[in-house]
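Beneath this line is the structure, given in structure tokens, with notes to follow.
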Amino acid sequence: MEKQLKLAIQKKGRLSDKSLQLLRNCGLDIENFQERLIISATNFNLDILFLRDDDIPEYVQDNVAHIGMVGENVVLEKGLDVEVVKHLGFGRCTLSLGIPENEEIQGIDDIREKTIATSYPNILKNYLSDNNINAKVIDISGSVEIAPSLGVADLICDLVSTGNTLKLNKLKKSFNILNSQAVLIKSKKLDEDPELKILFDKLMGRIDSSLKARKSKYIMMNIPKESLDRIIEIIPSLKSPTVLPLSDENLLAVHAVINEDKFWEINEDLKEAGASGILSLPIENIIL
Ligand code: PRP
Ligand code: ZN
């Protein structure tokens, strides 16, 4: 029987949908998992394990799952022996201190001798000791945000994404301790199995091309023939742009792949140089 690469993703939470979406963008055929704990891609030797995000680093360390998609925050907190292979660019959030809405913190010195509730005791304690701050850390595994209103802690240290959870609990964000996003982690034992290594490299190639595509746009425009040199100067293209003739002999069509961030930056310059009908389209995959 052929080997199956095993990938762990979060069962229910901020990263679940986006992890599956990334896999689907890589051309993997994955049925809706509903309540199943494990499903297989129908067109790739891949099993997807749905786990609690906090458990993913351990499963990967033990090589039960060969790879995993999980928040960098969880990987750092657990401090287990796994390899971080790639930042995935989704699930961005911060690990931050949250304080009651009606209180102020001027500087880091203001948290001396305070009690802080968190599910990230290791990261927080390191941060405090790096900054020579003496504070009491209470380790709570969930619903950290209610600790101040229960009188259990003065402030909290928790993940903030939209900020809604803080707001709902009459807290506000103070310092950031860590910036985090989803990462792909790998078991250190994976490379020992040549069959799995081939599957892993193949999947990585697809993930890379999908991540590149997400940051890129395909742009098209019509330009006066005499502006061509100027337009090529403006476009920060992945490769040399495509230039096509149009039925109007005075015009040309220019197509190029550019970084998404650049699109708005160069828009005005393009118009000034005479470009019209500028279109920008999403790209599904880029194979370089
Ligand atoms: C984090 C954190 C908050 C929420 C903040 O939980 O514990 O509950 O997200 O998000 P918001 O700023 O958008 O409201 P996480 O998604 O890591 O789930 P988990 O703690 O259950 O693993
Ligand atoms: Zn969690």
| field | Scope the stretch 25-74; condition of a type in the set (D, E, K, R) and within 16 Å of ligand 2 (Cβ to nearest atom); matching residues | value | 52, 53, 54, 55, 58, 72
| remark: Over the stretch 56-76, the set of residues of a type outside the set (S, T, N, Q) and either open to solvent by 60 Å² or more (accessible area, probe 1.4 Å) or part of a loop (DSSP other than H, G, I, E, B) (or both) is 58, 59, 62, 64, 65, 66, 76
| said: I need the full set of residues from the stretch 260-280 which are open to solvent by 70 Å² or more (accessible area, probe 1.4 Å) and either part of a strand (DSSP E or B) or on the phi > 0 side of the Ramachandran plot (or both), in order please. | reply: 279
| query | Of all residues in the stretch 92-138, how many are within 16 Å of ligand 1 (Cβ to nearest atom) and either among the hydroxyl-bearing types (Ser, Thr, Tyr) or free of Cβ contacts under 8 Å to residues at least 12 places away in the same chain (or both)? | reply | 5
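Could you identify the single residue in 191, 139 that is open to solvent by 50 Å² or more (accessible area, probe 1.4 Å) and within 16 Å of ligand 2 (Cβ to nearest atom)?
139
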| Evaluation of residue 157 against (1) away from ligand 2 (no atom under 16 Å from the Cβ); (2) closer than 21 Å to residue 72 by Cβ; (3) assigned to a strand (DSSP E or B) (one fails), failing number | (1)
| said: If I ask for residues that are open to solvent by less than 90 Å² (accessible area, probe 1.4 Å), among the aliphatic types (A, V, I, L, M) and over 23 Å from residue 188 (Cβ atoms), which ones from the stretch 24-55 would you list? | reply: 28, 30, 39, 41
| task | Identify all residues within the stretch 173-187 that are more than 16 Å from ligand 2 (Cβ to nearest atom) and in contact with a strand residue (DSSP E or B) (Cβ under 6 Å, 6 or more places away or on another chain); write none if there are none. | result | 173, 174, 175, 176, 177, 179, 184, 186
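The values are calculated or read from the model by the stated rules, or taken from the named source; none is laboratory data. Computed from a predicted model, the values in this text were never measured in an experiment. FYI the Cβ positions are ideal-geometry reconstructions off the backbone, even for glycines, and counts take in every protein chain you see. Keep in mind that these areas ignore ligands, DNA and RNA; they rest on the heavy atoms of the full protein, side chains included. Shrake-Rupley method; radii C 1.70, N 1.55, O 1.52, S 1.80 Å.
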